[in-house]
Amino acid sequence: MQASITYRGQPYAFDPTQPLDISMPLHDKQLQPECFWAEPVAFDVIRVGDFVGSVAEGGSTNYKRVHLTPHGNGTHTECYGHISADEHATIHNCLKRFLFVAQLITVQPQKQENGDEVVLLDDVKARLQGIKCEALVIRTLPNSDEKLTRHYSGTNPPYLEHTIGQYLAEKGIQHLLLDLPSVDRELDEGKLLCHHAFWQYPRNTRCGATITELIYVPDQVDDGLYLLNLQIASLQLDASPSKPVLYKLSPVFPTL
């Protein structure tokens, strides 16, 4: 099955039956990603009187409460409300479109003199040379499925050079997705320089821009241009658990 879109005057074909899910699944009482000292995800059976919300325990239905922290448990998408006191700055209010043309790139964080591992602006620029897109997906090296269960809290994981936020804003990229816990350093004295630069907050806030963290892009997914479907829960919070899905785009040229 083939479908098509046109972006900047160029038609592209994609197969809607071949989605590439780059979100991290969340489990109950199993190893899964965790950062910023979040409690583990938990699914609790609801019990009211004689009712038990578990078919395995004899109940008529499964009925459970989910305990999770969007910023600390798995793939999540956030808006500028993450760094703002504006009560209207929620992901539900800010993200109104869900399909975007995205470029996937792969970069290696570089060791700095202080021991930090940082994705550098020059490396991102080199991979985006001549490319126009609405969203950027960053896969970092080394890349393995260990990312699906890694506990990052207190480990000072890799992050982005803060000037990348400014560069992407100037380039008009509205949505940034990456496989790290944060675009900024784990402990940075609350500066969140890359967050501020990307959202251009507070002077010229890009209210519709989003950052999605803790994705996972398997090695078999090639760098290139994709259609991104960015799915969120309709939560009136600054962030939501999310399910970004990619579809490979192929340019369509006229036949003679």
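The values are calculated or read from the model by the stated rules, or taken from the named source; none is laboratory data. From a predicted model like this one, the values you see are computed outputs, not experimental measurements. Cβ sites come from the backbone with ideal geometry, for glycine too, and all protein chains shown count toward neighbours. The protein model used for the area step is the full one, side chains on, heavy atoms only, and it has no ligands, DNA or RNA in it. Shrake-Rupley method; radii C 1.70, N 1.55, O 1.52, S 1.80 Å.
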Practice task
Filter region 100-156 for residues that are among the charged types (D, E, K, R), part of a loop (DSSP other than H, G, I, E, B) and exposed (fewer than 13 other Cβ atoms within 10 Å of the Cβ) and give the result.
Solution key: 113
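Scan region 207-215 and tell me whether some residue there is out of contact with any Cys (no Cβ under 9 Å at 6 or more places or on another chain) and surrounded by fewer than 22 Cβ atoms within 10 Å (Cβ to Cβ).
First pass over region 207-215, keeping only residues out of contact with any Cys (no Cβ under 9 Å at 6 or more places or on another chain): 212, 215.
Then drop every residue that is not surrounded by fewer than 22 Cβ atoms within 10 Å (Cβ to Cβ), which leaves none.
Scanning region 207-215 turns up no residue that is out of contact with any Cys (no Cβ under 9 Å at 6 or more places or on another chain) and surrounded by fewer than 22 Cβ atoms within 10 Å (Cβ to Cβ).
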Handout entry: Pick from region 17-33, criterion open to solvent by 20 Å² or more (accessible area, probe 1.4 Å), farther than 19 Å from residue 232 by Cα and not hydroxyl-bearing (Ser, Thr, Tyr), ranking: modelled with the lowest pLDDT
Key = 29
Exercise for the section: Would you mind finding the one in 184, 188 that is over 30 Å from residue 4 (Cβ atoms), touching a strand residue (DSSP E or B) at 6+ places or on another chain (Cβ under 6 Å) and either touching a residue at least 24 places away in the same chain (Cβ under 8 Å) or not in a strand (DSSP E or B) (or both)? Expected result: 184
Exercise for the section: Restricting attention to strands (runs of 3 or more DSSP E) lying wholly within region 10-85, give those where 3 or more residues are of a type in the set (Phe, Trp, Tyr). Expected result: none
